[in-house]
Amino acid sequence: MRVIDRIPEVGDVPAGIVMECQTQDDLWHLYNIIRLGDLIQAFTDRKVHDVGDQITKFRRKLVYRVTLEMQVAVTSVHFDPLYDGLHVSGLLLQEFHPLVAIDRHHTMDIRVNTVFLLSKACWDSIDLERIEKAVAMRTENVMAAVVLHEGVAQICVITENMTVVKAKIEMQVARKRAGFVKNHEKSVKRFLETVAKAFMRHIVVDDMKAVIVAGRGFLHTQFLSTLYRVAEQSNVPFKVRQKSKFFCVNVSSGYKHSVKEILSDPATAALLADTAAHEEMKAINEFMDLFNNDPARAFYGYKHVTMANAACAIDTLMVSDALFRSNDVEKRKQYIKLVEAVQDKNGKVLIFSSLHVSGEQLNQITGVAAILRFPMPELEDEEMDEDEVEEDNNLTVKVDEYVVREFPGDVDATVQCV
């Protein structure tokens, strides 16, 4: 993320920041920052109508596309990891072109290297912290992963804030039966060649910090040999420097949830030591281990975590970023206060991305959890609030679909300050 300028609040004009997203992770940060009623101004394409020559009575209106600067009050945001951009929908507030009327709906695309102005009635601490984090992280630690099972493969890209499935391959593989071993070997070979071709289409090895090939048994080593052979047959062989980026890891299956095993594997720990993904995975694993073996030091749910914080007992607080995207201003406000309170008491705060497998796991337990400095068995007798139980099923975000956040109500409604 690059901050170009900061515009202070002047009268009725809200404070704004002129920014430019430089990576896909920056777009994810922006998606989490945008709220109902925020103003976004940028150059965008729009169709406009012109009446044309009035001499010809039945002449139709001319329709053409122009590029102009426009400002919208946000009503919804669409994020697609595969598209590498945001679709921001809203109402036009200023007339920048004589043929474009205000109070019309418009959707603008915010992509990498698009300069835009984001204005808010009030900037909260979580949003500002996100921007600072994105600015400090000017380069991505991007890693590719190929997760294999006989007949099933996932080709993923793992960044600081998301795990994106670039391709999913499913093929029928003949069973290994007595007297029909050759059929099994042929179908496995055909499957691995298909995965190798898909890998070369979607992954640029030079852009990756590492490439993890994960599978059961010897399937990952077979794939690596097949990939090198297919590359040579395509006259684009891998160089020695590129081959050094490949690492093999054993996993239980070829589905996306096995990425969790990759992030936890000691063989990849050194590669991911300085990334948020590894830190999040390490924390959630520690929490689950304590929850099973020492439950008095591991609690989840807003009520239990808040009670632990009141006793200055929280060592590590884990919060899903989905909670800060809530349309309920009061709910978002209470989680911001919780984060600030834990930080004031020297507790460690980790904000999990809901597009990572670790974030998906945290969302299944209300989206907020804490590892305590000391046991608090008295909290085990406290029951969770009913609304927290309902939230368990409402925080899951799917990567392979549009991530859509619709804002209820009229955009002209008063925007509450957090």
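Some points to look at:
- Student exercise, region 143-269 dipole from Lys, Arg, Asp, Glu Cβ charges, in Debye to nearest 20: 420 debye
- Candidate cross-link partners of Lys47 among the lysines, defined by an alpha-carbon separation under 21 Å and a same-chain spacing of 8 or more, comprise Lys61.
- Residues whose amide H lies under 5 Å from that of Lys348, counting only those 5 or more places away or on a different chain, are Thr316, Leu317; hydrogens are built 1.01 Å from N in the peptide plane.
- Taking other C-beta atoms within 10 Å as the exposure proxy, Lys337, Lys260 rank Lys337, Lys260 from fewest upward.
- For region 199-265, the set of chymotrypsin sites (Phe, Trp or Tyr not before Pro) satisfying both a DSSP loop assignment and a count of at most 13 other C-beta atoms within 10 Å is given as Phe218.
- For the residue pairs Lys120/Lys333; Lys133/Lys348; Lys166/Lys197; Lys303/Lys337; Lys133/Lys256, the alpha carbons lie more than 18 Å apart in Lys133/Lys256.
- Counting only DSSP beta bridges whose two residues both lie in region 143-269, roughly 60 percent are antiparallel.
We did not get these values from a lab; they are worked out from the coordinates using the rules stated. Model, not experiment: these values are computed from the prediction. Positions of Cβ are backbone-derived with ideal geometry, glycine not excepted, and every protein chain shown enters the neighbour counts.
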